[in-house]
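Nothing in this text is a laboratory measurement; each read-out follows from the coordinates by a stated rule. As the structure is a prediction and not an experimental result, all values here were calculated from the model. Here Cβ is always computed from backbone atoms with ideal geometry, including for glycine, and neighbour counts include all displayed protein chains.
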Amino acid sequence: MDEPLNLILFSGTDDKLQAAAVLSAGAAALGRPVNVFLQYWALDAFRADRIGQSHGLAPEAGEEGRRQVDALTAAGQQSWAETFRQAKDLGGIDIEACSLSMDLLGIGPDDLDPLVDGVEGVTAFHINAGSGPVVFI
Amino acid sequence: MELIAIDKRLDARGLACPMPIVKTAQMMKTMASGETLEVISTDAGSIKDFAAWSRTTGNPLLESSSDAAVYRFVLRKA
């Protein structure tokens, strides 16, 4: 379990980000390092002015999926951002913004939520990933 | 009836996976070696999750039981 879990977050919908947050929190609770690399629409969702907003669901959710997620939220399920915050309290989770995606979105480090630890390129991501699995979400 | 002295308690009822484990890991960090923690959970994944967490982190799982859909665990901080 010493090899890190490496998550590339591409999608910016709330369901995929929640799944990623749950996977990260589970690994962190086991003391396993987690590297999260934010690209494209996932990075956009981590903007300080947008992280608290609704980001929709993946297309396969459909209307029934929307109702199910709304029911969970109404029952008190916390947001993916809160799950990430609690997981980060355990330590071992590093969240990095992809520099190319930063250029694409036209944003700087100050535009990102404090959950994001820094900005890096894909080379640093690969080096830090070691021989651990890489998961694209 | 509690045969094992409990030092700390965590009520994780109503919390969804993985928060019972996350909160357990957070609380165990604040505890001294040898202290025990009782966790009550309603997450159906808890039985396998607590067993796996105990094995991997080396904090012994002293008790694991369920009553209807409520699960009880006692862990000792290594």
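Taking every Cα-Cα distance in the range B:8-76 and sorting them into 10 Å bins starting at zero, the pair-distance distribution P(r) comes out as 22, 63, 15, 0 percent. Can you tell me the dipole magnitude for chain B around its Cα centre, using point charges on the Cβ only (Lys, Arg +1; Asp, Glu -1), in Debye to the nearest 20? Taking the Cα centre of chain B as origin, the dipole is about 240 debye. Amide H contacts under 5 Å for A:V119: A:A97, restricted to partners 5 or more places along the chain or on a different chain, H placed in the peptide plane at 1.01 Å from N.
Coupling constants for the range A:8-18 follow from the phi torsions by the Karplus curve (6.51 cos²θ - 1.76 cosθ + 1.60, θ = phi - 60°), and in residue order they are 9, 9, 10, 6, x, 8, 4, 5, 5, 5, 5 Hz; glycine and proline get x. Calculated mean residue ellipticity, 222 nm, chain B: -9000 deg cm²/dmol, from DSSP H runs (n ≥ 4) at -39500 (n - 2.57) each, averaged per residue and rounded to 500.
What number, rounded to the nearest 500 deg cm²/dmol, is the helix-based mean residue ellipticity at 222 nm of chain A, given -39500 (n - 2.57) per DSSP H run of at least four residues and division by all its residues? Intermediate results must be reported in sequence, preceding the final value.
Working: 6 runs with 60 residues, N = 137.
That calculation yields -13000 deg cm²/dmol at 222 nm.
Start at zero, step by 10 Å, and the Cα-Cα distances of chain A spread as 12, 44, 34, 10, 0 percent across the bins.
Report, in debye and to the nearest 20, how large the dipole of the range A:5-136 comes out about its Cα centre when Lys and Arg carry +1 and Asp and Glu carry -1 on their Cβ. If you can, show how the numbers build up before the last one.
Details: 8 positive and 18 negative charges, 67 e Å.
Charge dipole, the range A:5-136, about its Cα centre: 320 debye, nearest 20.
Per-residue 3J(HN,Hα) values for the range A:102-118, derived from phi via the Karplus relation 6.51 cos²θ - 1.76 cosθ + 1.60 with θ = phi - 60°, read 4, 5, 4, 7, x, 10, x, x, 5, 7, 9, 5, x, 4, 7, 7, x Hz in sequence order (x marks Gly and Pro).
How much of the DSSP bridge set in the protein assembly as shown is antiparallel, in percent, rounded to the nearest 5? In the protein assembly as shown, DSSP labels about 40 percent of beta bridges as antiparallel.
Taken residue by residue and averaged, Cβ atoms of other chains lying within 10 Å of the Cβ of A:19-29 number 4. Given an 8 Å cut-off on Cα distances and at least 6 residues of separation, report the relative contact order of the range B:8-76 as a percent. The normalised contact order for the range B:8-76 reaches 35 percent.
Taking K and R as +1 and D and E as -1, what net charge do the other residues with C-beta under 15 Å from the C-beta of A:A129 add up to?
Values: positive: A:R32; negative: A:D2, A:E3, A:D94, A:E96, A:E120.
It works out to a net charge of -4.
Sorting B:30-40, B:49-59 by average packing, meaning the other beta carbons within 10 Å per residue, from highest down gives B:49-59, B:30-40.
Scoring A:112-118, A:15-21, B:69-75 by mean Cβ neighbours within 10 Å over their residues and listing the highest first yields A:15-21, B:69-75, A:112-118. Taking the Cα centre of chain A as the origin and placing charges on Cβ (Lys, Arg +1; Asp, Glu -1), which of A:L104, A:V116, A:H55 is farthest toward the positive end of the dipole? Going by the charge dipole, the pick is A:H55. 3J(HN,Hα) along the range A:33-44: x, 10, 10, 10, 10, 9, 10, 6, 6, 5, 4, 4 Hz, from the Karplus curve 6.51 cos²θ - 1.76 cosθ + 1.60 with θ = phi - 60°, whole Hz, x for Gly and Pro. Using C-alpha pairs below 8 Å separated by at least 6 residues, the relative contact order for chain A is 40 percent.
When Lys and Arg each count +1 and Asp and Glu each count -1, what net charge do the other residues less than 14 Å away from A:Q68, Cβ to Cβ, add up to? Please report the intermediate quantities before stating the final value.
Numbers: positive: A:R66, A:R67; negative: A:D14, A:D15, A:E60, A:E63, A:E64, A:D70.
Value of the local net charge: -4.
Specify the inter-centroid distance of the range B:19-39 and the range B:48-62, based on alpha-carbon positions, in whole Å. Each part's Cα centre sits 11 Å from the other's. Of all DSSP-defined beta bridges confined to the range B:8-76, some 70% are antiparallel rather than parallel. Counting Cβ atoms of other protein chains within 10 Å of each residue's Cβ and taking the mean over peptide B:50-56 gives 2.
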